[in-house]
Amino acid sequence: MIDVRDTARMRMRYHVTTFGCQMNEHDSERMRGMLDALGYSEADSRAEADLILFNTCSIRESADNRLIAHLGEAKRLKREDPSRIVGVGGCWAQSLKDEVFERFPFVDVAFGPGQVNRLADFLLSDSLSAQGYFEFESFTGDLPAKRGRATQGWLQISVGCNCRCAYCIVPSTRGLEVSRPLQDLVAEARAMADDGVCEITLLGQNVNSYGRDLRPTRASFAELLGELDAIGGLERIRYTSPHPKDMREDVIRAHAELRSLCEHIHLPLQSGSSRVLRAMRRTYDRERYLDRVALIREYVPDVALTTDIIVGFPGETEADFEQTLEVVDAVGYDGGFTFLFSPRRGTEAATVTTGLVSHDVKLARMERLLELVQRRARERAQRFVGRTVEVLVEGESRTDPERLRGRSRHNKVVNFTGLARPGEFAMVSVTAATSQTLAGEERIAARAVG
Ligand code: 5AD
Ligand code: SF4
């Protein structure tokens, strides 16, 4: 029998805004899946929603600022209709915990990244008072998913992080590392493949330390990759992010040996100076990083490498920064994300008071770094011109609706003319390349054959 509250819920509509990383995108898909299972439906805009949710990020100050602007709109909508529910989940909520309700009294429910399931408890309870849920309890990966794309899916392999990088808020928001059992992951990936997913991205704060905490039987990341590769229908496997300290030969070899493992590795450098890396507590130095890059290129010469770099970490001198430039030049990344250091509450680096880098110096270094990252990426991208690459089509090109857009195995965005539909593979002959994107034309005959 359906109770009155169930029928009321069936008319309720939700809206989710996601900030931050791919793990948050994944968590939001699970939030949507859970709400659909509860009988809610998705609204196109916040104004049409009875339940307004934010899945938040706290990695840098700029993320906080963006969120606060959005929360202002939720506050106004709540004032217009006080029966609306405003919920804030994710890392920012976790990092502020109960302070959320003091600072933002219009928020009804707040929950950290490991408590998405508690949102359901809140919605099913009769409680009208503000509630916060912040203890890690369960993997969001165990909740039902509502995938944004039919043929691409996330697989959450672990949560949390045991590293103590001096700048990073994540260990305090997502807790210690906990891996999901290998057989659960294989079963989930198989179900995804049966459901039409052909590309999966494995997610974890530090994917290549996967499985060390599993009991009674430990597992390794390379083992997991091998098992997933054997699943029919999965054409592409990606993962993010690995830690250079845990980048072992077995994982690197897997890139050469496993059919579905893509030729792309995102290997965060953070700094090219061993001194700064030590202060960051990254537990590898410049030589070890370059040695990993050399080994990767030995096994997969054509691999695409991308990275994350922080500019202006406390104590970074001009000489340290020049070492970062040297590494960027030597490695020749296919792309990179560059960030201005931003002190985060509760982190070691936020307590440093000496050797701080001024904002102007940070900006000037950032500009030099970006110029080099882009120049090297543009140079590297030229190797694809004249080649035919396999593209998984995602939709229309963002700049020209007459053209299509997708990604190659090297994770390059490819804009092209052709007839393929979203979710299909197209063989594209590349005619031009910039630092960010490739351009080309679909080879129709090649697609029909292959
Ligand atoms: N300031 C600037 N960048 C940061 N990152 C993480 N924490 C900070 C911080 N406090 C960057 C790192 C990381 C990426 C996801 O964000 O480069 O790899
Ligand atoms: Fe993702 Fe880190 Fe932002 Fe949390 S703080 S959402 S883990 S980027």
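The values are calculated or read from the model by the stated rules, or taken from the named source; none is laboratory data. All figures in this text were calculated on a predicted structure; none of them were measured in a lab. Every residue, glycine as well, gets a Cβ built from its backbone with ideal geometry; the counts of neighbours run over all protein chains shown. Heads up: the accessible areas ignore ligands, DNA and RNA and are worked out on the full protein's heavy atoms, side chains in. Shrake-Rupley method; radii C 1.70, N 1.55, O 1.52, S 1.80 Å.
For the chain, the solvent-accessible area of protein heavy atoms averages 44 Å² per residue (probe radius 1.4 Å; ligands and nucleic acids excluded).
If I compute solvent accessible area with a 1.4 Å probe over the protein chains, what percent of it on the stretch 196-345 is carbon and sulfur? Can you show the working numbers first?
On the way: 2700 of 5310 Å².
The nonpolar share, carbon plus sulfur, comes to 51 percent.
Helix-only arithmetic for the chain: the sum of -39500 (n - 2.57) across DSSP H runs with n ≥ 4, divided by the residue total, places the mean residue ellipticity at 222 nm at -11000 deg cm²/dmol. One Cα centroid belongs to the stretch 281-335, the other to the stretch 65-88; the line between them spans 42 Å. Just the protein heavy atoms count here, and of the accessible area of the stretch 385-447 at 1.4 Å, carbon and sulfur take up 48 percent.
For Lys75, the lysines whose Cα falls under 24 Å of its own Cα, not counting residues fewer than eight places away in the same chain, are Lys97.
Given a Förster distance of 22 Å, report the FRET efficiency between Arg383 and Glu298 from their Cβ-Cβ distance, rounded to the nearest 0.05. Computed FRET efficiency for Arg383 and Glu298: 0.80. List the trypsin sites (Lys or Arg not before Pro) within the stretch 61-134 that fall in a DSSP loop (any state other than H, G, I, E or B) and whose Cβ has at most 13 other Cβ atoms within 10 Å. Taking the stretch 61-134 and a limit of 13 other Cβ atoms within 10 Å, the loop trypsin sites (Lys or Arg not before Pro) found are Lys97. Loop-located trypsin sites (Lys or Arg not before Pro) in the stretch 360-432 (DSSP state other than H, G, I, E, B) with a sparse environment of at most 12 neighbouring Cβ atoms within 10 Å: Arg398.
Between Asp229 and Asp184, full extension at 0.36 nm per residue minus the direct alpha carbon distance yields a gain of 14.7 nm. For Lys412, the aspartates and glutamates whose Cα comes closer than 12 Å to its Cα, not counting residues fewer than 8 places off in the same chain, are Glu263, Asp334, Glu390. Considering only alpha-carbon pairs that sit under 8 angstrom and 6 or more positions apart, the relative contact order computed for the stretch 315-431 is 23 percent.
Only bridges whose two residues both fall in the chain count here: according to DSSP, what percent of them are antiparallel, nearest 5? Spell out each step's value before the answer.
Details: 21 of 66 bridges.
Once the DSSP bridges in the chain are tallied, antiparallel ones form about 30 percent.
If you take the square roots of the eigenvalues of the alpha-carbon gyration tensor of the chain and sort them as a ≥ b ≥ c, do you get rounded (a/c under 1.5), prolate (a/b over b/c) or oblate? Oblate is the answer for the chain, as a/c is 1.5 or above yet b/c matches or exceeds a/b. May I ask for the distance between the Cα centers of the stretch 131-187 and the stretch 47-63, given as a whole number of Å? With the stretch 131-187 and the stretch 47-63 each reduced to a Cα centre, they are spaced 18 Å.
Nearest 20 debye, what's the magnitude of the dipole of the stretch 292-382 about its Cα centre given +1 on Lys and Arg Cβ and -1 on Asp and Glu Cβ?
Details: 11 positive and 15 negative charges, 56 e Å.
That gives a dipole near 260 debye.
FRET efficiency for Asp121 and Ser83, Cβ-Cβ distance as r, R0 = 30 Å, nearest 0.05?
Using R0 = 30 Å, I get an efficiency of 0.95.
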